[in-house]
Amino acid sequence: MTTPNDTPLHWVQDALESLDADGLRRHLRTRRGPQRATIELDGRSFVHFGSNDYLGLAADARITDAVRDSLATVGWGTGASPLITGHTDYHKTLENHLATFEGTEAACLFVSGFAANAGTIPTLVNASDIIFADSKNHASLIDACRLSRATISIYEHCDVQHLESLLRNAPEARRRLIVTDSLFSMDGDFAPLLEIAALRDHYGCMLLVDEAHATGVFGPNGRGISELLGVESAVDIKVGTLSKAVGCAGGFVCGSASLIEWLINRARSYIFSTSHPAATAAAADAAVQIIQEEPFRRSDLLAKSTSMRERLTSQGWDLGTSESQIIPIRIGSAKRAVAASRALSEEGFFVPAIRPPSVPDGECCLRLSVTYDHSEEMLQAVSGALQSLRSLAV
């Protein structure tokens, strides 16, 4: 007869206790009701600063109406992967509209942004190739690069000189691929896409840009940082998500018709995943239309974000290099970040503590996300609570 300490998984409890001791253990919380600027978590109401629903579309009635209509037509589950029978007319319509929105020849849907990266990068490069990747790329990009088996050359965050040095001194390879987020999800800063595009041209590289946190928010038409900086023609593969500013679920890749055809035939996370429900595609299609018809959402959001960054900087907080709706408030240690988040929670604000592995050791922060739905009163209130924390040197 074995005791719990004799089982093959006996180490798990010790590992969890180690996370507790280091302030790194996460706990699931249960939300009731819609995703809005105020939410209910575990039975308590909070002003919500932990959301990626940047344009306030997740609970928009027009989107729920589109879901309801599609359910009446096709039901819920798709029952198969896209290449079998899971690719409905709703999916096809959304892909066509995404390609038009992004100004590309074609688009391909994935069940998540993570799946989009995990499926795409290994179709572009393999062990004969080299990837050049920003050190603070999203985990989905990091894991996708590893899956490809290509040689991975990491350049310091947003350091174009370091990237050029790596490109200049890299060994011969069949293909070269530069991989970067456009808007970094924990720092809130932009990739130097102008300079990266120039290096792409000079060294003959492919360029993949993940616009997950920028789609819908930046650029004259809401297409992201590559549009904002005028370098879309240099982006060979654009990855996006439907789960953030679009307010829905899923990921997508845009590019040339031949690229999308290649992904459909080779991306494992596409081929071997059941399609998300047609209702999800209908919802995202409605949201993309709203984004195009209501540009005031992104302009209002960016004005609020700028104002909030100015307030917090004047209080003495270190916001790093953020220039977006993502505002990292540098705290330092994981335990201090957790304590600060808990103190804000007591005041009725949900501002998550960000700790490793989401950020490196020593860069723990409160990640305050500004959304279109936040009122001026909400922003003033949370800045007041943060001012109190600052005075207490939390």
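The values are calculated or read from the model by the stated rules, or taken from the named source; none is laboratory data. In this text the structure is predicted, and so the values were computed from the model without any measurement. Every residue, glycine among them, receives a Cβ derived from its backbone with ideal geometry; neighbour counts consider all protein chains shown.
Among residues of the range 124-152 being surrounded by 19 or more Cβ atoms within 10 Å (Cβ to Cβ) and among the polar types (S, T, N, Q), the one that is farthest from the chain's Cα centre (by Cα) is S148. Listed conditions (1) in a helix (DSSP H, G or I); (2) within 23 Å of S112 (Cβ to Cβ) are all met by H202, apart from (2). Can you find a residue that is of a type in the set (A, V, I, L, M) and in contact (Cβ under 8 Å) with a residue 40 or more places away in the chain anywhere in the range 138-147? Looking for residues that are of a type in the set (A, V, I, L, M) and in contact (Cβ under 8 Å) with a residue 40 or more places away in the chain, one finds at least one in the range 138-147, hence yes. Among the residues of the range 96-107, those that are in contact (Cβ under 8 Å) with a residue 12 or more places away in the chain and more than 12 Å from G240 (Cβ to Cβ) comprise H97, G103, E105, A106. If only residues of the range 344-365 that are at pLDDT 95 or above and among the hydrophobic types (A, V, I, L, M, F, W, C) are counted, the one that is surrounded by the most Cβ atoms within 10 Å (Cβ to Cβ) is V351.
Within the range 19-27, can one find any residue that is acidic (D, E), loosely packed, with under 13 Cβ neighbours inside 10 Å and more than 27 Å from the chain's Cα centre (by Cα)? Checking the range 19-27: not a single residue is acidic (D, E), loosely packed, with under 13 Cβ neighbours inside 10 Å and more than 27 Å from the chain's Cα centre (by Cα).
When S275, S256 are screened for being touching a residue at least 40 places away in the same chain (Cβ under 8 Å) and closer than 20 Å to D89 by Cβ, only S275 passes. Check off (1) in a helix (DSSP H, G or I); (2) surrounded by 20 or more Cβ atoms within 10 Å (Cβ to Cβ) for L57 and give me the number that stays unchecked. Exception for L57: condition (1).
None of H213, H202, H162, H157 is modelled with pLDDT of 95 or more, buried (at least 23 other Cβ atoms within 10 Å of the Cβ) and either closer than 26 Å to D129 by Cβ or in contact with a strand residue (DSSP E or B) (Cβ under 6 Å, 6 or more places away or on another chain) (or both) except H213. Scanning the range 187-204 for any residue that is under 28 Å from R62 (Cα atoms) and either assigned by TED's automatic domain parsing to the domain that holds S148 or among the aromatic types (F, W, Y) (or both) turns up nothing.
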